[in-house]
1. For the chain, what does the relative contact order come out to in percent, with C-alpha contacts under 8 Å and a separation of six or more?
2. Under the 0.36 nm per residue contour assumption, what length would be gained going from the current alpha-carbon distance of ASP118 and ARG385 to full extension?
3. Over the range 54-148, what is the relative contact order in percent, taking alpha-carbon pairs closer than 8 angstrom and at least six residues apart?
4. Given H placed on each backbone N at 1.01 Å, which residues far from ILE356 in sequence or on other chains put an amide H within less than 5 Å of it?
5. What's the longest bit of the chain with no exposed trypsin sites (Lys or Arg not before Pro), using DSSP loop states and at most 13 other Cβ atoms within 10 Å as the test?
6. Between ASP423 and GLN86, take the C-beta separation as r, use R0 = 35 Å, and let me know the FRET efficiency to the nearest 0.05.
7. Under the Karplus relation 6.51 cos²θ - 1.76 cosθ + 1.60, θ = phi - 60°, what is the ordered set of whole-Hz ³J(HN,Hα) values for the range 214-221, x standing for Gly and Pro?
8. What distance in nm lies between label points placed 7 Å from Cα along the C-beta direction at THR223 and ASN285?
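The values are calculated or read from the model by the stated rules, or taken from the named source; none is laboratory data. The shown structure was predicted, so the numbers you read here are calculated from the model rather than taken from an experiment. All Cβ positions, even for glycine, are placed from backbone atoms using ideal geometry, and neighbour counts span all protein chains on display. Surface accessibility is based on the protein's heavy atoms, side chains included, excluding ligands, DNA and RNA. Shrake-Rupley method; radii C 1.70, N 1.55, O 1.52, S 1.80 Å.
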Amino acid sequence: MKLTWQQLIKLVKHEVLPALGCTEPISLALAAAVAAKYIDKNNINRIEAFVSPNLMKNGMGVTVPGTGMVGLPIAAAIGAIGGDAQAGLEVLKNIKPKQINQAKTLISEHKVNVQIADNNTAIYSEANIYTNTDHVRVCIENSHTNVILIEKNGETIFKADKRTQGESKQESIINHMSVKQIYEFATQANFDDIEFILHSAELNNALSQEGLRREYGLSIAATLYEQTKTGLLADDLLSKVMIRTAAASDARMGGATLPAMSNSGSGNQGITATMPVVVVADYLNATPEQLARALILSHTIAIYIHSKFPPLSALCAASTAAMGAAAGMAWLLGKEQYEPVDMAICNMVGDLSGIICDGASNSCAMKVSTSVSSGFKAVLMALNRIRVTGNEGIVCDSVETTINNLGAIASNSMKALDTQIIDIMSYKV
């Protein structure tokens, strides 16, 4: 069993990573940054980029950190000019004002073009950078940082071995586990082995504070906070969960230059899996070890649920990350018992199983606040031993079957919905 726990720890460390900005435009920025390593950045004539439909959907309406601009073209341009090709999802962490101005000039001169690729992979970004003498092409596929091809002037510099592109042992482990086994891992593993997850609380809490300090996006959290002062909204634990979680999403989607700790390739998923647990832990004056166990439970459950879906789909993944948060909150508030964890997840599936993803944007903070409020409500029901029964909707007696049912909907019937959403959004371009 301890071998499996070590594999889970490796998986969590692989899936829970710092990310600066929305990971879809950041993926394109990374492709451009890698390509720019092989050319003279001062002589870029044009950038031609291609992204998968889902990456286009999630890149159209989100602010790229530090630039004050929205969309994939600025991500490609600033990635090429100022990106750190070695920094992964933090590719834009060291961009300078001069570089931002250069990137904006490329766009104003119509030298950056982003189109939908003829590619069925959910995550795909391709950057082609041209100078007077060179053309470099870089392709990323399957995950936001997985470079599969580098070409310069038609010659292959790097090409990933397709035999190594399959599912890793750590990733396959999660597919064969149960919620109870994940619970046992989170509650029994050595504290020293899981203490690293506390960094997610540090990063996402800092982002939350930034979201309340300044105006970002639609200011969802600030609006809710103001209403606690007028009395229209109670200043209770539920409000604190919504406000502090939405504040981090406000800041992230609004272009803050602080990293989020992501989950399954998404900053919003990482925020949603982290902040409700942090808020409840603060309320209970929990110890660092209790917080770490609740967070590792939340993040691992979020990874487990997300493993049942395509990497990007028509189902809002913040809602499923909130199921992880519900597990963490239920463990803290339910006197560290398993049953409230199981019941809270099923209650959430019964409540919030159809919230759609219509692209990454400032309004994501609204979906985040909705998801975590549903999670908190699901926990309160579980604490009273109230559970959506196996006779209702897609919920079954088994929590694993319930999660699989939600995964089947996202993987199959919601494909047509995803196509419709992308068609609607494409008309806006």
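1. Numbers: 909 pairs, mean separation 73.7, N = 429.
It rounds to 17 percent for the chain.
2. Numbers: separation 267, 0.36 × 267 = 96.12 nm, distance 4.99 nm.
Difference between extended and current length: 91.1 nm.
3. Working: 117 pairs, mean separation 20.1, N = 95.
Once normalised by length, the contact order is 21 percent.
4. CYS316
5. Working: sites that count: ARG214, LYS335, ARG385, LYS428.
In the chain, the maximal stretch lacking such sites is 1-213.
6. Working: r = 37 Å, r/R0 = 1.07.
For R0 = 35 Å, the calculated efficiency reads 0.40.
7. 10, 8, 10, x, 8, 6, 4, 5
8. Each label point is offset 7 Å from its Cα along the Cβ direction, giving 3.7 nm.
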